[in-house]
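Comments concern the structure below.
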């Protein structure tokens, strides 16, 4: 392996490099320096070594820019690249960004030949240097920050002379919250019409929707308006049936795709949703990150339900005591009502507790705390024996849920 001096001497003697391209071969030496400053130090210090790359050794005439056969004047065009990116950002409200670079193909080829000849020790790729320099200029000009983890927007600068453009990836704005659903007539998310599958027909009044309202639609409308996003996606932490109320504050993430505006007044939007209708109420609205949606979808939250159950025959208090046998493990085969879209298999779930109150001779109210994924309606009516044990089986009479509420969701 060449020493610093041997590598510098060989490069200066055999290659015509600008300060950027010379200094980039020693980019991992010294701290707080730019590569053109390292290149200037290389030309100034005769007996150079690893400790020579310090600020006091930078010549006064060291300056940004310069061109050689290895970089093809990309550093002389820094103002051009910065303007391209700034102009592309202009229509978006941004707090952070990330820059990627595609240098001209001949620059990449030349760089790789240089590495083959002189080695990779201390080297930084040209695309890394360019992204850093352009990023610093944009930070200063626009007052926004580079963010390597969760940038609002990613910009890739295409430097090939036949393209010379910026490609943008506008990252979604993600809003976390919790909701209650007080209606038994709306689904969580938008449903396509069963008849036309979203194309529009007489049955759905040419809307393409099975239900004209949903939890998603009610929540997203003001957020879409204020963010000026092109669409919204709703990520719920599970879902309740259309005819079930949710009173346990179910978690959700609203994903606003390609928003123009990001600095939303979340408190005001929460109030707007809650005061504009009485079917859905939202809580704890806050900005979040892309991992949160996956987190709440993967979370297996235990739940507590309240069910009003109608019985075919009268039952006594002594009969109701049999319901305590539901506590423990229940085995539920995929319910008939969802078997068209879910794998047909047996699932074991835990019922942690069950309590009951007799409302009249043929009606009871149950409160059930159960493991995530337990089918409560099937736990009651038995689903023709596919759910074991069940209220129907234990009481010896048909039982059906008339009203179902989710009253608590484990957070």
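The values are calculated or read from the model by the stated rules, or taken from the named source; none is laboratory data. Values in this document were obtained by computation on a predicted structure and should not be read as measured data. Here Cβ is always computed from backbone atoms with ideal geometry, including for glycine, and neighbour counts include all displayed protein chains.
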If only one of 322, 345 is over 23 Å from residue 183 (Cβ atoms) and at pLDDT below 95, which one is it? 345
What are the residues in segment 22-41 that are over 18 Å from residue 70 (Cα atoms) and either in a helix (DSSP H, G or I) or in contact with a strand residue (DSSP E or B) (Cβ under 6 Å, 6 or more places away or on another chain) (or both), if any? 41
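Yes/no matrix, rows are residues, columns are (1) buried (at least 18 other Cβ atoms within 10 Å of the Cβ); (2) touching a helix residue (DSSP H, G or I) at 6+ places or on another chain (Cβ under 8 Å); (3) not in a strand (DSSP E or B):
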position	(1), (2), (3)
343	no, no, yes
348	no, no, no
353	no, no, no
356	yes, yes, no
359	no, no, no
365	no, no, no
373	no, no, yes
378	yes, no, yes
392	yes, yes, yes
Given (1) without any contact (Cβ under 8 Å) to a residue 60 or more places away in the chain; (2) surrounded by 16 or more Cβ atoms within 10 Å (Cβ to Cβ); (3) not assigned by TED's automatic domain parsing to the domain that holds residue 102, where does residue 212 come up short, assuming only one miss? (2)
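Do the conditions hold for residue 180, that is, is it over 17 Å from residue 97 (Cβ atoms), in contact with a strand residue (DSSP E or B) (Cβ under 8 Å, 6 or more places away or on another chain) and surrounded by 15 or more Cβ atoms within 10 Å (Cβ to Cβ)? So that I can check it myself, show each step before the final result.
Working: over 17 Å from residue 97 (Cβ atoms): yes; in contact with a strand residue (DSSP E or B) (Cβ under 8 Å, 6 or more places away or on another chain): yes; surrounded by 15 or more Cβ atoms within 10 Å (Cβ to Cβ): yes.
Against the criterion (over 17 Å from residue 97 (Cβ atoms), in contact with a strand residue (DSSP E or B) (Cβ under 8 Å, 6 or more places away or on another chain) and surrounded by 15 or more Cβ atoms within 10 Å (Cβ to Cβ)), residue 180 qualifies.
If you check 111, 139, 129, 117, which single one turns out to be touching a strand residue (DSSP E or B) at 6+ places or on another chain (Cβ under 7 Å), part of a helix (DSSP H, G or I) and either assigned by TED's automatic domain parsing to the domain that holds residue 166 or at pLDDT below 95 (or both)?
Values: 111 fails: touching a strand residue (DSSP E or B) at 6+ places or on another chain (Cβ under 7 Å); 129 fails: touching a strand residue (DSSP E or B) at 6+ places or on another chain (Cβ under 7 Å); 117 fails: touching a strand residue (DSSP E or B) at 6+ places or on another chain (Cβ under 7 Å).
Criteria check complete, one pass: 139.
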Would segment 224-247 turn up any residue that is within 18 Å of the chain's Cα centre (by Cα), exposed (fewer than 13 other Cβ atoms within 10 Å of the Cβ) and closer than 23 Å to residue 186 by Cα? yes
Report, ordered by the first and then the second residue, all pairs with beta carbons closer than 9 Å, sequence separation of six or more or different chains, a first member in segment 1-22 that is assigned by TED's automatic domain parsing to the domain that holds residue 117 and free of Cβ contacts under 8 Å to residues at least 24 places away in the same chain, and a second member that is outside any helix (DSSP H, G or I) and surrounded by 15 or more Cβ atoms within 10 Å (Cβ to Cβ). 9/48; 22/15; 22/68
